[in-house]
Amino acid sequence: MYRTVITLILAMFAIALVSPRAQAEISAGVTLDEDGIKSFRLAIGDHYGVPEKEVLVVHERKIPDEELPVVFFVAKQAGVAPSVIVQLRLGGKTWMEISNRFGLTAELFYIAFDKDPGPPYGKAWGHFKKNKRDQWKSIQLVDADIINLVNLKFMAERLGCTPGEIVKLRAQGHNFAAIHKQIKARKDKQKKSKAMASNEKAGKAKHKKK
């Protein structure tokens, strides 16, 4: 008991020696490393051609991170400013209602799957599968379906991976920011390894000529 108390006192003393600024930096660094939110938001801005500041402004208006890609995707397809989409969303409109207002239908969100992807994509996949293509315009998707499909489309295009990779991680319960972080880290590692191998090959060729 005595040793435990002494250990706690020493730990508190050590924390007190760290400046508030340093503590804040450590805290922020750990948070960013854990959730990958900053990287996710940066990717959204780059993919849809908007400044990071605009992405943050939309988020600060109480739009969840998982819905940020939907805001910019629908705005781009509708040819209106993101602020117009945000206003409608905050006004209580569903994503399907917002899309329909600008003449956009469920067909816009379609993604081809070789087989039933299962939850959380299976329900939307079923709507498209059981209806003929000329009937897709009448399909009414719920918010969860549109959010999942737009994020899937965004990350598959952005990261250059197959929808199946994202679907698998999503089925395991990972959120989109975490999925983006995981796949991006793997892709970056592959690029680095490929670059190192290329440099090594070039170095050997140069040495051989000598």
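Here are the numbers for the structure shown:
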item	result
Count - residues of segment 96-143 that are hydroxyl-bearing (Ser, Thr, Tyr) and over 22 Å from ALA171 (Cα atoms)	3
Counted residues, segment 48-60 - those being surrounded by fewer than 17 Cβ atoms within 10 Å (Cβ to Cβ) and under 18 Å from LYS153 (Cα atoms)	1
Selection status of PHE113, in contact (Cβ under 8 Å) with a residue 60 or more places away in the chain and aromatic (Phe, Trp, Tyr)	no
Lone qualifier among ALA81, ALA11, ALA24, ALA28 - being more than 19 Å from the chain's Cα centre (by Cα), exposed (fewer than 13 other Cβ atoms within 10 Å of the Cβ) and modelled with pLDDT of 50 or more	ALA81
Qualifying residues in segment 120-146 (those that are aliphatic (A, V, I, L, M) and part of a helix (DSSP H, G or I)) - the one nearest to ASN100 (Cα to Cα)	ILE146
Options LYS76, LYS62, LYS53: the member that is outside any helix (DSSP H, G or I) and modelled with pLDDT of 50 or more	LYS62
Answer residue from segment 156-175, given it is among the hydrophobic types (A, V, I, L, M, F, W, C) and out of contact with any Phe, Trp or Tyr (no Cβ under 7 Å at 6 or more places or on another chain) and is nearest to TYR110 (Cα to Cα) among those	ALA156
Search result, residues across segment 105-138 that are of a type in the set (A, V, I, L, M) and out of contact with any Asp or Glu (no Cβ under 8 Å at 6 or more places or on another chain)	ALA106, LEU108, ILE111, ALA112
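The values are calculated or read from the model by the stated rules, or taken from the named source; none is laboratory data. From a predicted model like this one, the values you see are computed outputs, not experimental measurements. Ideal geometry is used to build each Cβ from the backbone, glycine not excepted, and the neighbour counts take in all protein chains shown.
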